[in-house]
């Protein structure tokens, strides 16, 4: 296995890297205050991941584990490399993206209108999930003219089923399932030809992002109601999975983001919230009222009676259901939904 990593590190003259890492040329001329490191790890020492700490700066300190041996500072081996346009250009990136898109096409099931989960020995398997269709949209690998149809498929309540390879019916882990999956045994107990496996709460953010990207934000209020299953027995947090797992899982908190971004519809229209975009998509909800903090003050949005009222400390771009964008000055503005 080989890994490719592009790392940005502070200009520390004595920063060094383990010899197991092989330096590759990379143009860092546009980074006057940093060193861009492009390196490949040949995997010769048996580790299946790059030896780095993804949450820390690359400084002269222990930065990770490699096959049981810690990577430590040694003799300096990094240098400012000459330009390599073929590696660093946007054209190269587009070529890689197009290649990925062509490969992803093998997963497309045109008869069912979404993407399947896996291929075995060159044969497309029928199992399909919300996750596969959502990733196709949010990654941009699916052609845009498929997006609306994919959303129809992966949000159809008559197709959706909840399944887990390791979760138990009692709300905990199913040790029999865990042992079986560790042995490569996966028991499929749903109709793979007609049913779609629901994404767990911790991955549903990708599903909801896909729904919004496809212009179907009005579906989200109903999709978000599924999280009400967690608000029982005195709990006021979002759980890890549907029917099992921990009762408090931060990754499952996508409703807190979706209600602001997609239902109330408040997002930055320019960096730092120098301007704000307001595009409410209330769906079946008759009234919305919310306040969003920004570096410039609070943005208040109210939706009621088919009208949208906005109070903002910065200029606003309003986007009603029809999709046409209209600018408004800072202060109070009102428009038809």
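The values are calculated or read from the model by the stated rules, or taken from the named source; none is laboratory data. In this text the structure is predicted, and so the values were computed from the model without any measurement. Neighbour counts are summed over all protein chains in view; Cβ atoms, including those assigned to glycine, are modelled from backbone coordinates with ideal geometry.
Would you say residue 310 is in contact (Cβ under 8 Å) with a residue 24 or more places away in the chain, surrounded by 12 or more Cβ atoms within 10 Å (Cβ to Cβ), touching a strand residue (DSSP E or B) at 6+ places or on another chain (Cβ under 8 Å) and within 21 Å of residue 216 (Cα to Cα)?
Judged against the criteria, residue 310 is not a match.
Considering 124, 112, 144, which residue is within 21 Å of residue 211 (Cβ to Cβ), surrounded by fewer than 16 Cβ atoms within 10 Å (Cβ to Cβ) and modelled with pLDDT of 85 or more?
Step by step, each of 124, 112, 144 is checked, and only 144 is within 21 Å of residue 211 (Cβ to Cβ), surrounded by fewer than 16 Cβ atoms within 10 Å (Cβ to Cβ) and modelled with pLDDT of 85 or more.
Name every residue in the range 293-307 that is in contact with a strand residue (DSSP E or B) (Cβ under 7 Å, 6 or more places away or on another chain), part of a strand (DSSP E or B) and surrounded by fewer than 13 Cβ atoms within 10 Å (Cβ to Cβ), in order of residue number.
298, 307
What number goes with the only condition from (1) part of a loop (DSSP other than H, G, I, E, B); (2) modelled with pLDDT under 85 that residue 92 does not pass?
Of (1) part of a loop (DSSP other than H, G, I, E, B); (2) modelled with pLDDT under 85, only one is false for residue 92: (1).
Hey, does the range 272-279 have a residue that's loosely packed, with under 11 Cβ neighbours inside 10 Å and out of contact with any strand residue (DSSP E or B) (no Cβ under 8 Å at 6 or more places or on another chain)?
yes
Looking at 288, 264, which is the one that is touching a residue at least 12 places away in the same chain (Cβ under 8 Å) and under 17 Å from residue 216 (Cα atoms)?
Every option except 264 fails the conditions.
Given the conditions (1) loosely packed, with under 13 Cβ neighbours inside 10 Å; (2) assigned to a strand (DSSP E or B), and given that residue 324 satisfies all but one, which numbered condition is not satisfied?
(2)
Anything in the range 247-279 that is in contact with a helix residue (DSSP H, G or I) (Cβ under 9 Å, 6 or more places away or on another chain) and within 23 Å of residue 173 (Cα to Cα)? List them, or say none.
Across the range 247-279, the qualifying residues are 247, 249, 250, 251, 252, 253.
Out of everything in the range 153-189 that is surrounded by 16 or more Cβ atoms within 10 Å (Cβ to Cβ) and assigned to a helix (DSSP H, G or I), what residue ends up being nearest to the chain's Cα centre (by Cα)?
154
Take residue 86 and decide whether it is surrounded by fewer than 16 Cβ atoms within 10 Å (Cβ to Cβ), touching a helix residue (DSSP H, G or I) at 6+ places or on another chain (Cβ under 7 Å) and at pLDDT below 90.
For residue 86, the condition - surrounded by fewer than 16 Cβ atoms within 10 Å (Cβ to Cβ), touching a helix residue (DSSP H, G or I) at 6+ places or on another chain (Cβ under 7 Å) and at pLDDT below 90 - is met.
Quickly run through the range 230-245 and pick out the residues that are over 20 Å from the mean Cα position of the chain (by Cα) and either surrounded by 13 or more Cβ atoms within 10 Å (Cβ to Cβ) or within 22 Å of residue 315 (Cβ to Cβ) (or both).
230, 237, 243, 244, 245
Give the range 280-291 a look and list any residue that's in a strand (DSSP E or B) and out of contact with any helix residue (DSSP H, G or I) (no Cβ under 6 Å at 6 or more places or on another chain), or say none.
Correct list: 287, 289, 291.
Would you say residue 264 is over 17 Å from the mean Cα position of the chain (by Cα), surrounded by 19 or more Cβ atoms within 10 Å (Cβ to Cβ) and closer than 20 Å to residue 157 by Cβ?
The answer is no for residue 264.
Are any of the residues in the range 253-272 farther than 30 Å from residue 234 by Cα and in a helix (DSSP H, G or I)?
Yes, the range 253-272 contains at least one residue that is farther than 30 Å from residue 234 by Cα and in a helix (DSSP H, G or I).
Does any residue of the range 210-224 turn out to be closer than 19 Å to residue 283 by Cα, free of Cβ contacts under 8 Å to residues at least 40 places away in the same chain and either out of contact with any helix residue (DSSP H, G or I) (no Cβ under 9 Å at 6 or more places or on another chain) or assigned to a helix (DSSP H, G or I) (or both)?
Yes - at least one qualifying residue is present in the range 210-224.
I need every pair where a residue in the range 227-252 that is on the phi > 0 side of the Ramachandran plot and outside any loop (DSSP other than H, G, I, E, B) has its Cβ under 7 Å from the Cβ of a residue that is modelled with pLDDT under 90 and loosely packed, with under 12 Cβ neighbours inside 10 Å, sequence separation at least 6 or different chains.
Cβ pairs passing all conditions: none.
Give me a count of the residues in the range 199-217 that are buried (at least 18 other Cβ atoms within 10 Å of the Cβ) and more than 16 Å from the chain's Cα centre (by Cα).
So the answer is 2.
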